[in-house]
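*Asks:* Here's a structure for you.
The values are calculated or read from the model by the stated rules, or taken from the named source; none is laboratory data. Quantities reported herein were computed from a predicted structural model and do not represent experimental measurements. Counting neighbours? That spans all protein chains shown, and the Cβs are built from the backbone with ideal geometry, glycine included. Heavy atoms of the whole protein, side chains included, go into the accessibility calculation; ligands, DNA and RNA do not. Shrake-Rupley method; radii C 1.70, N 1.55, O 1.52, S 1.80 Å.
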Amino acid sequence: MTKILIVDDHQLFREGVKRILDFEDSFDVVAEGDDGCEVQALYEEYAPDVVLMDINMPRMNGVEATELLIEENPDAKVIMLSIHDDESYVSHAMKTGALGYMLKEMDTDAIIQAIKVVASGGSYLHPKVTHNLVTEFRRLSEREHKGSFQQNEIRRPLHLLTKRECEVLQLLTDGQSNRTIGETLFISEKTVKNHVSSILQKMAVNDRTQAVVTAIKNGWVEVK
């Protein structure tokens, strides 16, 4: 059973997330809070496995609360919740030690997957956030080379992945969710999840973000 603490100053949002999580038999929402100032006390009292932390709260925001929580409890696993998808917000939040960053526009499957990944020690970024980080990678490459970004010829890793897995890896780089990938390739979402698991295993990485970064560095995917 994965114990979850939800911290968000909007009660309706907390209730909505709790309803989603209540449908998952392996999840147990043990406590709720509405301000970053409460996080440490709630964590000590309920010992949650995962903390869902709103990034914008009135007295103490989620970034400050996460920083203090992890300073006192280095093993704490935090997923930041935000409406912001630009790279500066993501980088600032992740520097606190958070293991996940989710947009509040997430769908049910995404939030469940994120919690499961982070609870097991991995990291998870919302697909749209991953895409924006790829865009930032491209921008930095342009600056570094002081000219237009010229990507070398794409060399699909067919020595490592199947053709279908290469297609899935490219779509992960494009920031598409499992559901969208399934619709694009005309396969079920369950099949997409199986492909993603196989890709992570073959590439010896822990999560989708690491897979995308590795693929970009090796020239296995196109950066659009």
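*Asks:* Looking at residue 67, is it touching a Lys or Arg at 6+ places or on another chain (Cβ under 9 Å) and open to solvent by 50 Å² or more (accessible area, probe 1.4 Å)?
*Replies:* Working: touching a Lys or Arg at 6+ places or on another chain (Cβ under 9 Å): yes; open to solvent by 50 Å² or more (accessible area, probe 1.4 Å): yes.
For residue 67, the condition - touching a Lys or Arg at 6+ places or on another chain (Cβ under 9 Å) and open to solvent by 50 Å² or more (accessible area, probe 1.4 Å) - is met.
*Asks:* Among the residues of the stretch 188-224, count how many are over 11 Å from residue 169 (Cβ atoms), modelled with pLDDT of 85 or more and either aliphatic (A, V, I, L, M) or not in a loop (DSSP other than H, G, I, E, B) (or both).
*Replies:* Qualifying residue count for the region: 9.
*Asks:* Another question about this same structure. Of all the residues that make up the stretch 114-131, how many are free of Cβ contacts under 8 Å to residues at least 40 places away in the same chain and either in contact with a strand residue (DSSP E or B) (Cβ under 7 Å, 6 or more places away or on another chain) or crowded, with 22+ Cβ neighbours inside 10 Å (or both)? Steps first, answer last, please.
*Replies:* The initial filter retains those residues of the stretch 114-131 that are free of Cβ contacts under 8 Å to residues at least 40 places away in the same chain, namely 114, 120.
Going one step further and asking which of them are either in contact with a strand residue (DSSP E or B) (Cβ under 7 Å, 6 or more places away or on another chain) or crowded, with 22+ Cβ neighbours inside 10 Å (or both), we end up with 114.
Result for the stretch 114-131: 1.
*Asks:* Given the options 182, 175, 97, name the one that is under 24 Å from residue 222 (Cα atoms) and at pLDDT below 90.
*Replies:* Numbers: 182 fails: at pLDDT below 90; 97 fails: under 24 Å from residue 222 (Cα atoms).
That would be 175, the only listed residue that is under 24 Å from residue 222 (Cα atoms) and at pLDDT below 90.
*Asks:* To continue, here is another question. So the check is Cβ under 6 Å with 6+ separation or different chains; which pairs have a first residue in the stretch 204-224 that's at positive phi and a second one that's in a loop (DSSP other than H, G, I, E, B) and among the polar types (S, T, N, Q)?
*Replies:* Partner pairs satisfying both residue conditions: 219/152.
*Asks:* Go through the stretch 78-99 and give me each residue that's within 20 Å of residue 127 (Cβ to Cβ) and either touching an Asp or Glu at 6+ places or on another chain (Cβ under 8 Å) or outside any helix (DSSP H, G or I) (or both).
*Replies:* Answer for the stretch 78-99, where residues must be within 20 Å of residue 127 (Cβ to Cβ) and either touching an Asp or Glu at 6+ places or on another chain (Cβ under 8 Å) or outside any helix (DSSP H, G or I) (or both): 78, 79, 80, 81, 82, 83, 84, 85, 86, 87, 98, 99.
*Asks:* From the residues in the stretch 149-177 that are among the charged types (D, E, K, R) and assigned to a helix (DSSP H, G or I), which one is surrounded by the most Cβ atoms within 10 Å (Cβ to Cβ)?
*Replies:* The selected residue is 165.
*Asks:* Can you tell me which of 8, 49, 54 is surrounded by 21 or more Cβ atoms within 10 Å (Cβ to Cβ) and in contact (Cβ under 8 Å) with a residue 60 or more places away in the chain?
*Replies:* The unique qualifying residue is 8.
*Asks:* Name every residue in the stretch 24-37 that is out of contact with any strand residue (DSSP E or B) (no Cβ under 8 Å at 6 or more places or on another chain) and either without any contact (Cβ under 8 Å) to a residue 40 or more places away in the chain or crowded, with 18+ Cβ neighbours inside 10 Å (or both), in order of residue number.
*Replies:* Once the filter is applied, which keeps residues that are out of contact with any strand residue (DSSP E or B) (no Cβ under 8 Å at 6 or more places or on another chain) and either without any contact (Cβ under 8 Å) to a residue 40 or more places away in the chain or crowded, with 18+ Cβ neighbours inside 10 Å (or both), the stretch 24-37 yields 25, 37.
*Asks:* Kindly provide the set of residues from the stretch 45-75 that are over 24 Å from residue 15 (Cβ atoms) and not β-branched (Val, Ile, Thr), ordered by number.
*Replies:* 64, 67, 68, 71, 72, 73, 74, 75
*Asks:* Residues 180, 184, 214: which one is under 18 Å from the mean Cα position of the chain (by Cα) and surrounded by fewer than 16 Cβ atoms within 10 Å (Cβ to Cβ)?
*Replies:* Testing whether each residue is under 18 Å from the mean Cα position of the chain (by Cα) and surrounded by fewer than 16 Cβ atoms within 10 Å (Cβ to Cβ) leaves just 180.
*Asks:* Exactly one condition in (1) modelled with pLDDT under 85; (2) open to solvent by less than 30 Å² (accessible area, probe 1.4 Å) is false for residue 111; which is it?
*Replies:* (1)
*Asks:* If you don't mind, there's one more thing I want to ask. Out of the stretch 31-74, which residues are charged (D, E, K, R), more than 21 Å from residue 92 (Cβ to Cβ) and in a loop (DSSP other than H, G, I, E, B)?
*Replies:* So in the stretch 31-74, the residues charged (D, E, K, R) come out as 32, 34-35, 38, 44-45, 49, 54, 59, 64, 67, 71-72.
Adding the requirement that they be more than 21 Å from residue 92 (Cβ to Cβ) leaves 32, 34, 38, 44-45, 49.
Within the stretch 31-74, 34, 49 meet the criteria.
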